[in-house]
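Derivation of every value follows stated rules applied to the coordinates shown; laboratory data play no part. This one's a predicted model, so the numbers in the text were calculated from it and none came from an experiment. For neighbour counting, all protein chains shown are included, and Cβ atoms are generated from backbone atoms with ideal geometry for every residue, glycine included.
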Amino acid sequence: MVVTGRLVTVAAVLGLFVAVVLPSWYGVALACAALAIAVLVDLVAAGAAGDLTLTRPELTAVRQGRATEVELTVVNTGAHTVRGLLWDDWPRSARTENRRHTLELAPNTKVRLRTSLRPVHRGDRVAGPVTLRLLGPLGLAGRQTRRTVPARVRALPAFRSERLMRSKVKRLQHLEGRNVANTRGQGSEFDSFREYVAGDDVRSIDWRATARATDVLVRTWRPERNRHVLMLLDTGRVSAGRVGEGTRLDAAIEAALLLGGLAAAAGDGVDLLAYDRTVRTEVRGVRGNRLQLQLMHALAGVTPALVDTDSAGLVRATIERARRRSLVVWFTSLDGAAVEENLLPVLPVLAHRHRVLIVSVIDPDVAAAATTRDDIYAAAAAETILAERALVQESLRRKGIAVVSAPPDRLPEALADEYLELKQSGSL
């Protein structure tokens, strides 16, 4: 049972009336009896919570930082009109708006109540209980109950670099449609013949076809298709470091989404593995337009784990999943100590079987500190960090391992460009 502020107001008015008109115990008893009767009438006339059926979608997906609405359908299956209030409870991080609704439902009617949410972090937000406060016709008292209506809102990665997808796909289509006789990479796929023109590589001349024709013919090649790309996300403690407005893992996810969509458009198979000391999430065997959405759902709830990544275990998991030669894109940190202890001991095994591409995000604050003159000690420390990173990149390149390193806002585009260069040269 609940009472409202209206009951307090009515009690105050009756008390004032008794004090002025009937200043006696008899007047007090009469006023209390009137209030009790009014409350009893409201309790009897208030609708029953059991007559209300509550339903809503179990899962609603929205991009991180964008607004969405969750619709709650309320049906009155009883024989009496239901009046009252409804509170739709959600976690604070869901940034809920207009979660308080007024109910006035006649028998056998329904209403759709919409609650606006704007989640600011990736992952699932589980709805709390729905609170129903059903009041009588006088609005003095009623009954309150809570109902559990399962629902989740999944905040997918923001994927701000999606705007680059169209231009990168157009460049990819241009590569597939152009003549690449003078960029015949090892493993490139034969496309067709064309007439020789001045400047063509003479090594691309097909002498058998030339003997059957009246002109000199050269082979043309197209970028490789049906290759395999495996993206590895290091979700250990190094991925929790802040860079720009997010973490290293956020920047890696942004770049992985762009690369996955681009590789799927190129006709390549794309798998993803997020790992620290165990598999956190995995996407395998998905192709075409469904891949990007699958990646977003899989990565929505991945957060950094405050443990050191088991690099040897990650390499073993990679070899188990990539049986044929693949492009392995490893998103990790290039800090000197982490590379010496974790990467360098295991990279030769991986590089022997696959083509490895290391992707690392640069902290823009460190780059800015290296150029400042206000604090020479901070500038010297930043210069030391940048010099160590440059040495690490050079040592990796000497081992035949490519490196893509850029600030978080430019990392997705830099990775996409590197993939297109590998595609064009037939190096996958």
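A Förster distance of 60 Å, applied to the separation of the beta-carbon atoms of Thr77 and Arg353, puts the FRET efficiency at 0.40. Listed values for the stretch 353-367 are Karplus-derived 3J(HN,Hα) couplings in whole Hz (6.51 cos²θ - 1.76 cosθ + 1.60, θ = phi - 60°), namely 9, 9, 8, 10, 10, 8, 10, 9, 9, 9, 6, x, 5, 5, 4, and x replaces Gly and Pro.
Cross-link partners of Lys168 among lysines, defined as those whose alpha carbon lies under 27 angstrom from its own and excluding same-chain residues fewer than eight positions apart: Lys423. Relative contact order for the stretch 329-428: 31 percent, from Cα pairs under 8 Å spaced at least 6 residues apart, divided by residue count.
Taking every C-alpha pair closer than 8 Å and separated by at least 6 residues, the mean separation divided by the residue count of the stretch 86-133 gives a relative contact order of 56 percent. Between the Cα long axis of helix 165-177 and the first principal axis of the chain there is an angle of about 30°, rounded to the nearest 10.
Between amide H atoms placed 1.01 Å from N, distances below 5 Å from Val404 occur with Ile358, Val359, Ser360, all of them 5 or more places distant or on a separate chain. Arg125 sits among other residues whose Cβ lies under 12 Å from its own Cβ, and their net charge, with Lys and Arg +1 and Asp and Glu -1, is +4. Summary value for the chain: 13 percent relative contact order, contacts being C-alpha pairs under 8 angstrom separated by 6+ residues.
When DSSP beta bridges are limited to those with both residues in the chain, what percentage is antiparallel, rounded to the nearest 5? Percent antiparallel among DSSP bridges in the chain is about 65. Spread over its residues, the convex hull of the C-alpha atoms of the stretch 336-398 is 79 Å³ per residue. In terms of packing, defined here as the mean over residues of other Cβ atoms within 10 angstrom, the peptides 74-86, 102-114 line up highest first as 74-86, 102-114. Report, please, the projected area of the stretch 40-159 averaged over directions, based on the convex hull of its C-alpha atoms, in nm². Projected area, direction-averaged: 6.9 nm². Averaged over residues, the count of other Cβ atoms within 10 Å places the peptides 380-389, 244-253 in the sequence 244-253, 380-389, highest first.
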